[in-house]
Amino acid sequence: MAEASVLHRLVQQVTREVRLRRAEFWALRGLFGGALAAAVPLVARERFGMAALVAAGALLVAGGLIGALVGYFRRVPPGEAARLADRGFGLQDRVATALEWADHPERSPLVDGLVADAVARVTQRTQRRIVPRLLPREAKFIPVPLALGLVLALAPPIPFPKGALPNFQASTGDDEEQPKERAGKLESSDRPQAAKRDQVQRAEMKDRTLAPRAGGGGPTQAGDLAAVFKDTSLGSRSPDFNSFLKKGDERIRMLEQVDKMPDLQRDFTQSQYKMVFQKSKELRGGLRPDQVSPQKLRELLNEMERLGRKGSQGSPWAGDIAEGMEALEGGQNERAMDAMERALSKMRNMEEKGREGKGLRGGRESERRGGQRGPRGPGQSGGPGDEGDFPEGEGMFPGRGKSPTPKGDPSQRLRGNPFDVGVEGESRSGRKEGFDTNLLGRGQNVPSRLQYLGVVGQYRKMMEEAIAREQVPRDSQAHIKQYFQALDER
Amino acid sequence: MTQSIQPAESQERRVQEFVTAFQTLRTEVQKVIVGHDDVINHVLISLFAGGHVLLEGVPGLGKTLLIRTLAESLDLTFSRIQFTPDLMPGDIIGTNIIVEDADGRKHFQFQRGPIFGHILLADEVNRATPKTQSALLEGMQEHSVTVSGTSHPLAPPFFVLATQNPIEMEGTYPLPEAQLDRFLFKLRVRYPALEELTEIINRTTRPREVHVQRVMNGEAVLRFRELVREVPIAAHVGDLASLMILASHPQWERAPEVTRRFIRYGASPRGAQALVLGAKVRALADGRYNVSIDDLRAIALPALRHRIILNFEGEAEGIDADRLIEQLIEAAENLSATGKDAFLR
């Protein structure tokens, strides 16, 4: 099409502009390379004299020229140039589309209109450069090699080191006779010599008696596991393999007494108190008692009551909780908060009390407390965590108890139920048939249980937020809440 | 292509005719509807592209009024179906009833439902059961309905405009992906601005009634639809449309990170068709003979927002489909050669 020639001319013009910009871009790159290369003959100026300066200048110019030529003669796709023209002149892809469709075999009738429209707009455009100038990364570093070259050109020539390398060939008799003379050519003759040292008087080796250290290596007390592991007496003794084996046996025996091992698995970071304390902190959040939501306060009190109820012993904060609930019913938020604080304080005290001496020390609680609890009667059952059902060394392993049966007699704390195989549970009201195997007994304080409570709490919170955000139908909301309630009751 | 090559003046006249018709129709609708210029434009684009529109917005924003006004501006038959949970497919398509002829013999006769109209307003489409919603499927895609083994064609132009409310989700049945995909555009109707609200009050609380004139007939709509398909699109623009679609697929090896992270299923090829057809109408309405990259950018949101299905992470983080699509457009442009100065180096 004849009209399309206007568009082709535009594309050629843009192509030329692109070539010039590319030539600039590549010339700068070449200049950088040439400047680096020019430094080499300048370094060797002492040897080459004026020729080095000429060579440096030639390399610099050649680098720039070669770069410019490479940039100018790189291929410019016509489609790219047309797109650039569209962008540069705001032609909304008219030129690229028109050129593409002008000779298209399946051209639609609208293409004629498109070409005419594109030509009209191209002829109306104002002449200006549309190709932006791009600088290579090397451009900002060009002054460095140029300055270096200038310094090298103006400064006196760098002297080359003189002298020959030593002759490594087989030496003749003369060489051996005059070693100092030959070395004198390469090295300065007045080189400082290292000062002579006085001969050190060394002590003679004597036999040492490897006596044990005072206080170390004594017999360890039973149950003092830490002391056994801290025993360093072996290190100070003279090598005695039998003694080493003996000590090793003793340690292995101590390891077998699992009931005396320190409780390393207990997770003290997630305790009842801590969870409730976190909740109470979230609840208050710097608010005055009258600003606290009664609903949330009730939830927290319920939670504290539930935690207290789960323990086999009556919780000391039950009275405070009841008082708080009563105050809440009467609309006395402040009083309810006070009661909650008291309950929290009791919970904290109990927590701290429970943590006393339950560090990494081995041995039984009763032993560490110096027998404060006193002997128990045969009918008294221990609470959770109490492991004093059997005398020392008995009943912990099959066949070691007093009972002729391998597993020993059922413990008193298991309520004499022959079907209860060690899981301590609580019977629920209304479920008389079957045996309750829930883990509400000892299991309530184990780390996994506490983590479970924590996770369920987090999920409950996320669920409430999601329900508020996602517009869940009310029927479904009820189902979801029932589901979480069921999870909570487990 | 078998079409004869016509002089440029003739093409220019055709395009000008379209531009005038488009603007006239928009002006008629704007006599009643205040603001929502984008929504009106996209509804008209959809009409001339031959697609259907889903309008989403809270009650009282004028969705139904907009559609009714459009129907009044066009010389076409208009049906309205209020979707309710007890609506049955037969209530939409029609049913066979027993009729008695002059000889006293009884036979079945097909009683046409409201789908047999040119413009169908499916109000609160998500309130009907999926079974009833699916009654629209065949009509929307095939432009025909089949009852008792007999296919009944729908008279062209057939244009479905459905509305749904995003807030009252209780007792609703969200449209399945298959049906959503059949809508060319999903448009979000937003709250009016202060000036617009004042103008709404002025227009609607005075005794003066606004009369809308019929400015276009069905034949013109069909003619313009033909014209739209003739609009040429450059290869690099078409490639960009394809890249936009592919960039929404997490399985694609060059998919951007945001896609892999938040999208479960990307847009279908129907999405690409919607993108290009919508861009063609937009270009023509702007008086241009070709599709530009700007057209694609403008059409991408309504054409793709209902075709991208977020994964769990995307939904949990409350990712907005519109923002995601904007990122996809950017990623697609980076992937394509357009907008890059790389070749200058």
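Computed from the coordinates by the stated procedures, all read-outs in this text should not be read as laboratory data. This one's a predicted model, so the numbers in the text were calculated from it and none came from an experiment. Positions of Cβ are backbone-derived with ideal geometry, glycine not excepted, and every protein chain shown enters the neighbour counts.
Structure data summary
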item: Cleavage-rule hits, chymotrypsin sites (Phe, Trp or Tyr not before Pro), segment A:1-86, DSSP coil, Cβ neighbours within 10 Å at most 15; result: A:73
item: Computed FRET value (nearest 0.05) for residue A:137 with residue B:254, which takes r as the C-beta separation and R₀ as 22 Å; result: 0.25
item: Relative contact order computed over segment A:33-151 (Cα-Cα under 8 Å; 6+ residues apart), in percent; result: 25
item: Helix-only mean residue ellipticity at 222 nm for chain B, each DSSP H run of n ≥ 4 adding -39500 (n - 2.57), per residue, nearest 500; result: -14500 deg cm²/dmol
item: Inter-probe distance in nm under a simple model that places probes 7 Å from Cα toward Cβ, at residue B:210 and residue A:296; result: 4.8
item: Chain B - percent relative contact order, Cα under 8 Å, separation 6 or more; result: 20
item: Two-site label geometry, residue B:198 and residue A:481: point separation in nm, points 7 Å out along Cα→Cβ; result: 4.6
item: Those residues of segment B:261-283 whose amide nitrogen sits under 16 Å from the label point placed on residue B:323, 7 Å along Cα→Cβ; result: B:261-263
item: Cα-only Debye scattering, segment B:218-336: base-10 log of I(q)/I(0) at q = 0.16 Å⁻¹; result: -0.71
item: Percent RCO, i.e. relative contact order, over segment B:142-258, from Cα pairs under 8 Å lying at least 6 residues apart; result: 16
item: Stokes-Einstein D for segment B:174-288, Kirkwood Rh over Cα pairs, 10 °C, 1.306 mPa s (µm²/s); result: 87
item: Environment charge of residue B:178, counting only residues whose C-beta is closer than 13 Å and scoring Lys/Arg +1, Asp/Glu -1; result: 0
item: Within segment A:34-135, trypsin sites (Lys or Arg not before Pro) in DSSP loop having at most 12 other beta-carbon neighbours inside 10 Å; result: A:75, A:128, A:129, A:133
item: Within segment B:180-288, GluC sites (Glu not before Pro) in DSSP loop having at most 10 other beta-carbon neighbours inside 10 Å; result: B:209, B:253
item: Cβ-defined net charge surrounding residue B:273, 12 Å radius [Lys, Arg +1; Asp, Glu -1]; result: +4
item: Restraint check, A:481/B:131; A:346/A:461; B:63/B:186; B:186/B:280, Cα-Cα greater than 24 Å; result: A:481/B:131; A:346/A:461
item: Residue B:16/residue A:144 FRET efficiency (R0 56 Å; Cβ-Cβ; nearest 0.05); result: 0.35
item: Relative pair counts by distance (%), Cα atoms of segment B:107-163, 5 Å bins; result: 4, 17, 29, 26, 15, 6, 2, 0
item: Simple label model, 7 Å out from Cα along Cβ direction - residue A:326 to residue B:100, nm; result: 8.4
item: Kyte-Doolittle mean at least -1.0, axial Cα span of 30 Å or more - DSSP H helices of chain B; result: B:8-32
